[in-house]
Structures are given as C-alpha cells and as structure tokens.
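Following: one structure in structure tokens, then a few remarks.
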Protein chains: 2
Amino acid sequence: MGFWERVEAAMQVTGSALCVGLDPDPARIPGGAGGALRHCLEVVAQTQDVACCYKPNVAFWEQYGPDGMAALLELRRRIPRQAPVVLDAKRGDVGHTMRAYARALFERFEADAVTASPYLGGDALRELTAYADRGVYVLCRTSNPGAADLQDLDAGGRPLYLRVAELAERVNERGNVGLVVGATAPDQIADLRAVTDLPFLVPGVGAQGGDLERALSACAGGRRGSCLVSISREILYADQPGRAAAEFAARIRGVLAAA
Amino acid sequence: MGFWERVEAAMQVTGSALCVGLDPDPARIPGGAGGALRHCLEVVAQTQDVACCYKPNVAFWEQYGPDGMAALLELRRRIPRQAPVVLDAKRGDVGHTMRAYARALFERFEADAVTASPYLGGDALRELTAYADRGVYVLCRTSNPGAADLQDLDAGGRPLYLRVAELAERVNERGNVGLVVGATAPDQIADLRAVTDLPFLVPGVGAQGGDLERALSACAGGRRGSCLVSISREILYADQPGRAAAEFAARIRGVLAAA
C-alpha cells in the first residue's frame, strides 16, 4: 500500500486531515530527551482518535544530541501503525549523500514520508522517490517571512515556487510526491493549485500566523490525500492536547467540506 | 577567534587548504557505527599533518541511526582542536526550527562551521549566522548533475546561484558566511568570484569528476580562508590515506600558488 493510500485510510478512520507536529522544546518540557519522548507519547495517546498522521521535525530531536535521536526512533515505533509518520527533515544533498539520508529516514527511522529540499534538483529528489511505498513532500512555498527571498523570484516568467512544482511533477514518476506549502501564503497556494494537483502538506497555521480557512480553501481540488494541515505548538502545549486537536480537526473538516 | 581565523591558523600550520570529508559507507567499512568511527579516527590520525580541516557529512552518520550520531559526536571530540570541523548538514527550515538545528550542530555537536540550504531565505540563515564565532557555508552552485534544474534558472536577469550569493552577502553581517561551490562547475565558480569575495568550500573533485585545477584557479582572489577543497572517498578509502591526502594537499598548494 502506497503512502497516499495509507493517508486516505487514516483519513477515513479518523475523519480528519490533521497532522500533529511533534516538535519538543527543551525550554517548555523538562527532563531532556526522555522528557520530550514522554510528553510526545502522551500527546499521541490523547490525539490518536482525531489525528490523521504525525510529523516529528528532526531538528527538535537532534537538538538533544544522540539521546534525542534514540528518543525519536522510540517515538516513531510507538506511534500506532495506522497513523502515517511524516519525518520533517527537509534534506537536500548530492545523489550518493541523499541515498544515505534515504537509508537514515526510510530504513532506520521507518518514516512513511519525508520532507525534502528542492535546491539540489531532480537527481537528489529521485534518491527519495525511489522508495515507491513512501511519500516525499518537496518544499515549495514555505511559511516563513524569508520565503520570498528566493521562492518568489521571477524565474523565466513565473515565480521560482512554480518552477519547483514543475520539478516535483517531473520526479513524480512513482506517484509518491507532494508539496509543502505554508498557510501564510494562501495566494501562492492558489497559484500552485491552478497548475498542479499534487497533494499539499500545509504548515504555518497558529503560531506562524497562517489563516487556516483561506489557506485550506486554496488547497482544495487535488488528488486523494491532497491536503494535510500540520499543527504543532498549539496542540503540543495545550492544556488539553486531545481537545485542541479535536477542535482543529473539526475546523479543517468544515473548510474542506465547504470547498 | 572567528572561524576564518581558525581556518587561516590551520592553513599556516599544515600549509594546506585540504578539507578531508569523513563520510563512512557501511558497504565499504565493516562493523557498523563503531567500525565507521574507528576507520575515520584512523584517517584523521594519518592525515592531520596535511589536512587543514575535516568535514563529516551528517547523512553518513545518520544512516547508522542513533548509534551513528553518538559516533559522530565522539569523532568530533577526538579531532584535534587545531583542525576546524565543518559539519556538512545542508539544513534549511523556518526560523524557530533553524534555531533547534543551530543548537544541535553548534552546541551539541560543537561544529566550527556548517553547511546550510538557502531555499528558506535570509531569516532561516540568520539563525545560524547569529553564532558569530562559527562559520556558515551557504549552498550556492552544487556539484551534482541536477544542480542546473533550479540553480541555473534565470532569476531576474541572472542565474539563481548568483541571487543566492547576493543573499549570502546580505546575511554576512557578522563576517562568518561562505559559499559551497562544486568543482564540477568551474565556469559558475568564475562567475561567482567576479561578484563576491566570500570564502568558498569546494566539493566535487575526484569521484564526482570535478577538475581540481580549473575549479581552484577560478576560486582565487577571495578573502582569507577563501578556498577550502573537500575530498572524501579518494582519501577515506585509499590504501594509504596519509599519502593520498598529502598528494591532494600538494596539488591544491600548487594551483593556489600559481593563481
């Protein structure tokens, strides 16, 4: 079963397109890597009925050093198998190095999908897409203020992020490629949806200020599993993570039903 | 002492601009992460007289899982302090995530410098450059075949890689930024040197087919520490790593002296 089929199955079971980000902050969670693991496992337990999938960002685990990577592996293995795991790694390197990252993320850390940077081009991305049963979300238009510095540059008559979407389509020979599009850029999301029906992973709602309703409306119309909304801090540090996740899931469901 | 001063000091002691890549391949080195660590420590011991600095690529350590990250930390701590360590990580993420990567790479793994992806823009890069005593090499024109897919696109009258060089100059407020330019693209290196005197880190010689002499001649003329040439497999798997490193160091010295 391919990644999108697993996402669809999880969407059907949970009735949700919510992806819960698992990004522990040592300033907010005591106990080092072990504390981060316990906290995130508790969040998984409280949200699994309403979360379609989970997205640990590797940075937040790397910051604890080797113990953090051991905790990440343990976390991944304890997330229920019916919930796909997107490892948010944003890796991008030359081909033979990208093969090592693919082994790390898909084989060692057993990711169902990863995020990847497009800057190195198609040969680098193809080392990831070669894993036909895994998903690869290519960074396209990100949610941060600096996104415009390169991504919005005019590149031969259209903005670079649209050229990245074309590159993503080219490396989609196995049908396992999606795009990362930030909720802070609904106009760019609409531009992208006009030229591609690749599935979108949408971070940037909440702490980063993205408008969930505008962004999500712009996403509509893609392929199956075509829109996952990622929320991290607003769930991870909520007084009641389960309730916060349920509320986000309901809002997402409402927008997608209306779109 | 800043990163470039440490590079210059190491260049003076060793008479070398050679950066030895420490990228273990489990298919060529037996014994898992422990074997990789032993092999790389032996290469360090044999090359330290002629290597200006060392560059472990994180991918090759991540592929061993958490044990690999523990081995990378041990490796970093056992590289003699006079040799700067560039952690080749090519990270690029939104600001608050980039802060976690900065903590991971600069604080946990004690990198003297890192490589970073420009795709997320200036705010992301500034989370790294904020560490004033560390170096940040921004990916600019890479050595792989797919580099041309995005990096050579015309972006408002000049290729994207030149726009990346401009971005790198903008985030160089603390004077700790360099560029990664692949030896396989000597013409692009020359274009870059015509518009910037940022230091270059040059991979892609050897297995990737770059022409050392042409590439290095094109690099000449930058600031201090302005050109480090990175060689990995041709030293790591040589019958005599010390001799292979000495030969590369001498070739690099010859070209730089003539330039």
Centroid-to-centroid separation of region A:114-151 and region B:73-121 [C-alpha atoms, Å]: 20
For A:19-29, mean number of other protein chain Cβ atoms within 10 Å: 1
Region B:28-66 versus region B:170-245: alpha-carbon centroid distance in Å: 21
Net charge over other residues, Cβ less than 12 angstrom from the Cβ of B:L73 (K, R count +1; D, E count -1): -2
Relative contact order of chain B, pairs being alpha-carbon contacts under 8 Å that are 6 or more residues apart, as %: 21
Selection from B:A250, A:F3, B:P84 lying farthest towards where the dipole of the protein assembly as shown points positive, charges on Cβ: B:P84
Residue among A:V164, A:V229, A:V114 with the largest mean-square fluctuation in a Gaussian network model of chain A, springs linking Cα atoms under 10 Å: A:V164
Most mobile listed residue (A:A111, A:A124, A:A100) in chain A, GNM with C-alpha springs under 10 Å: A:A100
Sum of -39500 (n - 2.57) over DSSP H runs of 4+, divided by residues of chain B (222 nm, nearest 500): -13500 deg cm²/dmol
Rounded to 5, the percent of DSSP beta bridges in region B:3-258 classed as antiparallel: 5
Cα gyration tensor category, rounded, prolate or oblate, for region B:1-109 with a/c compared to 1.5: oblate
Rounded, prolate or oblate (a/c below 1.5 giving rounded, otherwise prolate when a/b exceeds b/c) for the protein assembly as shown by Cα gyration tensor: prolate
Most mobile listed residue (A:V195, A:V138, A:V85) in chain A, GNM with C-alpha springs under 10 Å: A:V195
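No lab work stands behind these numbers, since they all come straight from the coordinates. All values reported here derive from a predicted model rather than from experimental measurement. Methodologically, a virtual Cβ is constructed for each residue, glycine included, from the backbone with ideal geometry; neighbour enumeration extends over all protein chains shown.
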